[in-house]
Amino acid sequence: MSQFKPWFSKKKHSLKEDKVKHAENKLWEVFSQFIRLRDSDHEGMCKCFTCHRITHWTRMDAGHGVPRQHKATKFNESNNHAQCKHCNGFEGGKREVYKEKMDKRYGAGTWDRMLIASKDTAKYGVTELQAMTAYYRNEVSRLKQEKGML
């Protein structure tokens, strides 16, 4: 048996890549809370962006119009809205409805501009991700205080 690894073997992540991924996961955790709180009322209830089901913000998802694997639009506030778990998960995000709702809320052509923006290359460093996390952590605190949820 050969001692050589095949050229297609799975690449190991570097320590730097691991730190970036960890920082990105921390940011997503806080950003998701921000989106769901932003879209909730003073009682913590959210209306699903795509089906209008009303559920407490803690039981909602932060759904994406353009999928989150596109780093350039992953943390774009206009691309993220509270969605019920049924629409976001079982219905695959209801892209057609999401598209119509985005254009209605933010103006015609918003969806198309978001798709174009999603093709951009976005590489965040740890420091940038940590700064974004701190910003959204403050926003979550502000929203909780504003809505009397502390």
* Structure fact -> Measuring from its Cα centre, the chain shows a charge dipole (+1 at each Lys and Arg Cβ, -1 at each Asp and Glu Cβ) which, in debye to the nearest 20, is 500 debye
* Asked: Do the sum for the chain: with -39,500 (n - 2.57) for every DSSP H run of n ≥ 4, divided by all residues, what is the mean residue ellipticity at 222 nm, to the nearest 500 deg cm²/dmol?
  -> -15000 deg cm²/dmol
* What's the extension gain from ASP103 to ASP120 if we count 0.36 nm per residue and subtract their Cα-Cα distance? -> 4.1 nm
* To do: Would you calculate the volume per residue, in Å³, of the smallest convex hull containing every Cα atom of the range 46-109?
  => 82 Å³
* Structure fact -> With all protein chains present, the chain has a carbon and sulfur share of its accessible area (1.4 Å probe) in percent of 53 percent
* To do: Output the pairs from LYS21/LYS144; LYS47/LYS104; LYS101/LYS144; LYS104/LYS144; LYS47/LYS71; LYS47/LYS123 with a Cα-Cα distance over 23 Å in this structure; if there are none, say none.
  => LYS21/LYS144; LYS101/LYS144; LYS104/LYS144; LYS47/LYS71; LYS47/LYS123
* What accessible area per residue, rounded to a whole number of Å², is obtained for the chain using a probe radius of 1.4 Å? -> 65 Å²
* Asked: Which of TYR106, TYR135, TYR98 moves most in a GNM of the chain, Cα contacts under 10 Å?
  -> TYR106
* Asked: What percent does the relative contact order of the chain come to when contacts are Cα pairs within less than 8 Å and at least six residues apart?
  -> 29 percent
* Asked: Over its Cα atoms, what ratio of radius of gyration to 2.2 N^0.38 Å does the chain give?
  -> 1.22
* Structure fact -> Total charge of the residues flanking CYS46 in space, meaning their Cβ is under 13 Å from its Cβ, with Lys and Arg +1 and Asp and Glu -1, is +3
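The values are calculated or read from the model by the stated rules, or taken from the named source; none is laboratory data. Predicted model, so just to flag it, every value in this text is computed and none were measured. Cβ sites come from the backbone with ideal geometry, for glycine too, and all protein chains shown count toward neighbours. Surface accessibility is based on the protein's heavy atoms, side chains included, excluding ligands, DNA and RNA. Shrake-Rupley method; radii C 1.70, N 1.55, O 1.52, S 1.80 Å.
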